[in-house]
Amino acid sequence: MNHSELNINQPEHLDVALVAGLKEQATKVYAQYDMSLTTAINLFLQQSVADGSLPFDVELSKQALRQEVEREAKMGETQTFASVEELWQDLNDNQ
């Protein structure tokens, strides 16, 4: 689905596992802008699609990044690809 095919009249739901306390902390941040967490997530995803990338520079320390990758692996949230082309195909198939 490309950006022009998004239909805001028929919302989809997303179930996300978050680090403990993150939802409450993020809710406080976005409340400063009179914005709900749902609106903030939608803006993040829309900007990601528009940019074709993350809408910001990643500034995690190597240790924090390693811990997140290990957490995802333990939760079974990782996937392995034989090639970059296979990764891109999977990403395109899931849009």
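The values are calculated or read from the model by the stated rules, or taken from the named source; none is laboratory data. Keep in mind it's a predicted model, so treat the numbers as computed, not measured. Every residue, glycine among them, receives a Cβ derived from its backbone with ideal geometry; neighbour counts consider all protein chains shown.
Contact map, region 72-90: residues that are within 20 Å of L18 (Cβ to Cβ) paired with residues that are surrounded by 10 or more Cβ atoms within 10 Å (Cβ to Cβ) and polar (S, T, N, Q), Cβ distance under 7 Å, separation 6+ or inter-chain. Pairs shown: E72/T78. The set of residues from region 64-95 being part of a loop (DSSP other than H, G, I, E, B) and at negative phi comprises M75, E77, T78, Q79, T80, F81, A82, S83, N94, Q95. All conditions but one from (1) assigned to a loop (DSSP other than H, G, I, E, B); (2) among the polar types (S, T, N, Q); (3) in contact with a helix residue (DSSP H, G or I) (Cβ under 8 Å, 6 or more places away or on another chain); (4) modelled with pLDDT of 85 or more apply to T39; the one that does not is (1).
Among the residues in region 32-44, are any more than 22 Å from P11 (Cα to Cα) and without any contact (Cβ under 8 Å) to a residue 40 or more places away in the chain? Lay out the reasoning, then the answer.
Just the residues of region 32-44 that are more than 22 Å from P11 (Cα to Cα), to begin with: 32-33.
After this cut, where a residue has to be without any contact (Cβ under 8 Å) to a residue 40 or more places away in the chain as well, the list is 32-33.
Yes, the conditions are met somewhere in region 32-44.
Within region 49-63, is there a residue that is touching a Phe, Trp or Tyr at 6+ places or on another chain (Cβ under 7 Å), in a helix (DSSP H, G or I), assigned by TED's automatic domain parsing to the domain that holds P11 and surrounded by 11 or more Cβ atoms within 10 Å (Cβ to Cβ)? Taking every residue of region 49-63 in turn, none turns out to be touching a Phe, Trp or Tyr at 6+ places or on another chain (Cβ under 7 Å), in a helix (DSSP H, G or I), assigned by TED's automatic domain parsing to the domain that holds P11 and surrounded by 11 or more Cβ atoms within 10 Å (Cβ to Cβ).
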